Amino acid sequence: MNQVQGKPSKYKAFFLAVIMPIIVVMAIYPLRDWFSTTDIVMLQLLWVAWVAVRSNRRVAAITTLVSVACTDWFYVTPYFTFHIENIEYLVTFIVMLIVGLMISQLAGELNTKVRDVQLHASNSRTLYELAKGLNSLDALDEQKQYFQQLISEHLAITCQFQQMRQQVAGEFMLLSDKEQSMGGFAFATLLSEGQRSFVNTAISLLYQVHEKTLLRQQSAAISVQAELERAKNALLRSLSHDLRTPLATIMGASSMLADDEITLSEAIIKEQAGNIYEQSKILNQHFDKVMELSRVNKMGENLCWQTINLQALLSEAKARRQQQLAHFVVTTNIDANSSCQGDVTLLEIALANMLENAWRYGDGDGEVVVEFTQSRYESAVSYQLLLSNKLISKPQASADEGVGLGSVICDVVAKFHQGTFSLTIDNDTEMALAKLIWIKNND
């Protein structure tokens, strides 16, 4: 709805104010012997009132004058002159003129108030749509684009964002008077006082949403940094435990082999050399995990959301751990058409580590069940991958045991996808349950 209420054209005004009163008079003229002058005046006032409601006060006032003149010309003796012999007619015409002008004035004020109410309602509706639309956008450029599109349609005036004023004509309004570097909006023509007040309110709303978006982005950055610090702490905790055992074994075996005072049989030497080799492989796996975690953190900085086929994701994840999972049976409820949204490489790495954990905690020749579910909400979709497998008997873990780098990697991938990861080991039921949940907000 435009801010400026359209006025009737001059041809329409001429028709309503001049032509129609003459038509009304001519329509009644054959029946003038049946009507008194007062009756005709009332009929003319009826038309004046209709014009006053449908048009503006100026047209209604002209209609009143033309109606008085037509009534005098056609219905007051002597006919077809403006001469009035009877004083009663003069009083009637004066009263008709006053009443007509009063009707036009009151109707004009009513129309003005109605237009003001309609304008206020239109502005309020536009501001509501603006607030709703801006809050649904996360990028500042998208918010500015939406603002100038909506305001241009509402005012019927071209509106364009500029970092600094470029055009001389028209009007330029800053996004913030205190921070002029933020730019402003240029309008093709000068704005009226009402339009300027409306635009000021809209720009104030845009500025508040801008500030809210910046705070949200800063909060998200702080949250990501905190998660990274937590991941680093978990990494150090895991490394301190997971490296301690193989290093201690290597140091013990190597010191035994290097001690000249200890005489070892060939079988013991071979056994200790085998221990060193096996523990070295474990260390190598840990270093591979550290490099994988480093790659995950790097890729998480530029998250790429895309549609992923879940069966393909599962196949690629198994291929990453082909050696460990060679005899491991994977049972799933995922069909060929199941898909999700996320970063395919990160989710592939996370699922590979979840399968490896199932292999590590379970029987290498056993079975793991992979389940996938999704839940749709008004503004987001939640995805869940659930892996469960039977545990093998193992000694009670020590109090300072690490969480494992595979779990740390899964947790980092989940955090980058606004989700969570959990690994639960139930010694009573001898079951391990790994759960990866991530969320995709609707755009």
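Structure values in brief
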item: Number of the exception - Ile262 against (1) assigned to a helix (DSSP H, G or I); (2) free of Cβ contacts under 8 Å to residues at least 60 places away in the same chain; (3) farther than 30 Å from Gln160 by Cα; (4) open to solvent by 60 Å² or more (accessible area, probe 1.4 Å); result: (1)
item: Residues (assigned to a helix (DSSP H, G or I) and among the hydroxyl-bearing types (Ser, Thr, Tyr)) located in the stretch 30-53; result: Thr37, Thr38
item: Hits in the stretch 21-79 (condition: of a type in the set (Gly, Ala, Ser), within 16 Å of Tyr89 (Cα to Cα) and open to solvent by 50 Å² or more (accessible area, probe 1.4 Å)); result: Ser36
item: Test: Gly133 is modelled with pLDDT under 85 and small (Gly, Ala, Ser); result: no
item: Yes/no for Thr92 being out of contact with any His (no Cβ under 8 Å at 6 or more places or on another chain) and under 20 Å from Asp33 (Cα atoms); result: yes
item: Among the candidates Ile157, Ile87, residue that is out of contact with any helix residue (DSSP H, G or I) (no Cβ under 6 Å at 6 or more places or on another chain), of a type in the set (Val, Ile, Thr) and at pLDDT 80 or above; result: Ile157
item: Residue that is nearest to the chain's Cα centre (by Cα), among those in the stretch 1-39 that are at pLDDT below 80 and of a type in the set (Val, Ile, Thr); result: Val4
item: Checking Leu137 against (1) closer than 30 Å to Arg216 by Cα; (2) outside any loop (DSSP other than H, G, I, E, B), the condition it does not meet; result: (2)
item: Of the criteria (1) closer than 20 Å to Met431 by Cα; (2) in a strand (DSSP E or B); (3) touching a residue at least 40 places away in the same chain (Cβ under 8 Å), which one Val369 fails; result: (3)
item: Residue in the stretch 152-174 that is in a helix (DSSP H, G or I) and farther than 30 Å from Arg57 by Cα present; result: yes
item: Residue match in the stretch 381-402 (condition: modelled with pLDDT under 90, open to solvent by 30 Å² or more (accessible area, probe 1.4 Å), in a loop (DSSP other than H, G, I, E, B) and in contact with an Asp or Glu (Cβ under 7 Å, 6 or more places away or on another chain)); result: yes
item: Residue within the stretch 54-65 that is touching a helix residue (DSSP H, G or I) at 6+ places or on another chain (Cβ under 7 Å), over 25 Å from Thr112 (Cβ atoms), part of a helix (DSSP H, G or I) and not basic (Lys, Arg) present; result: no
item: Output for the stretch 80-103, where each listed residue is open to solvent by less than 70 Å² (accessible area, probe 1.4 Å) and either under 60 Å from the mean Cα position of the chain (by Cα) or in contact (Cβ under 8 Å) with a residue 24 or more places away in the chain (or both); result: Tyr89, Thr92, Phe93, Met96, Leu97, Val99, Gly100, Ile103
item: Failed item in (1) touching a residue at least 24 places away in the same chain (Cβ under 8 Å); (2) surrounded by 13 or more Cβ atoms within 10 Å (Cβ to Cβ), with His327 passing the rest; result: (2)
item: Residue that is surrounded by the most Cβ atoms within 10 Å (Cβ to Cβ) [pool: residues in the stretch 291-312 that are touching a strand residue (DSSP E or B) at 6+ places or on another chain (Cβ under 8 Å) and in contact (Cβ under 8 Å) with a residue 40 or more places away in the chain]; result: Leu310
item: Total residues in the stretch 185-238, condition over 30 Å from Val408 (Cα atoms) and not β-branched (Val, Ile, Thr); result: 23
item: Check on Asn284, at pLDDT 80 or above and either open to solvent by 50 Å² or more (accessible area, probe 1.4 Å) or not in a helix (DSSP H, G or I) (or both); result: yes
item: Unmet criterion (only one of (1) closer than 23 Å to Leu405 by Cα; (2) in contact (Cβ under 8 Å) with a residue 24 or more places away in the chain) for Ala186; result: (1)
item: Index of the failed condition, Leu191 passing every other in (1) farther than 30 Å from Val290 by Cα; (2) more than 25 Å from the chain's Cα centre (by Cα); (3) loosely packed, with under 11 Cβ neighbours inside 10 Å; result: (3)
item: Criterion: open to solvent by 50 Å² or more (accessible area, probe 1.4 Å) and either modelled with pLDDT under 85 or hydroxyl-bearing (Ser, Thr, Tyr) (or both) - qualifying residue of Leu175, Leu106; result: Leu106
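Rundown of residues vs (1) within 30 Å of Gln160 (Cβ to Cβ); (2) surrounded by 13 or more Cβ atoms within 10 Å (Cβ to Cβ); (3) within 43 Å of the chain's Cα centre (by Cα), yes/no style:
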| position | (1), (2), (3) |
| --- | --- |
| Ser197 | yes, no, yes |
| Tyr207 | yes, yes, yes |
| Leu228 | no, yes, yes |
| Arg244 | no, no, no |
| Leu247 | no, yes, no |
| Ser255 | no, no, no |
| Lys289 | no, yes, yes |
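Here is a yes/no grid of residues against (1) of a type outside the set (Asp, Glu); (2) farther than 17 Å from Thr201 by Cβ; (3) open to solvent by 30 Å² or more (accessible area, probe 1.4 Å):
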| position | (1), (2), (3) |
| --- | --- |
| Val114 | yes, yes, yes |
| Ala121 | yes, no, yes |
| Thr126 | yes, no, no |
| Gly133 | yes, no, no |
| Asp138 | no, yes, yes |
| Asp141 | no, yes, yes |
| Thr158 | yes, yes, yes |
| Gln166 | yes, yes, yes |
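The values are calculated or read from the model by the stated rules, or taken from the named source; none is laboratory data. These figures come from a predicted structure and were not determined experimentally. Cβ sites come from the backbone with ideal geometry, for glycine too, and all protein chains shown count toward neighbours. Heads up: the accessible areas ignore ligands, DNA and RNA and are worked out on the full protein's heavy atoms, side chains in. Shrake-Rupley method; radii C 1.70, N 1.55, O 1.52, S 1.80 Å.
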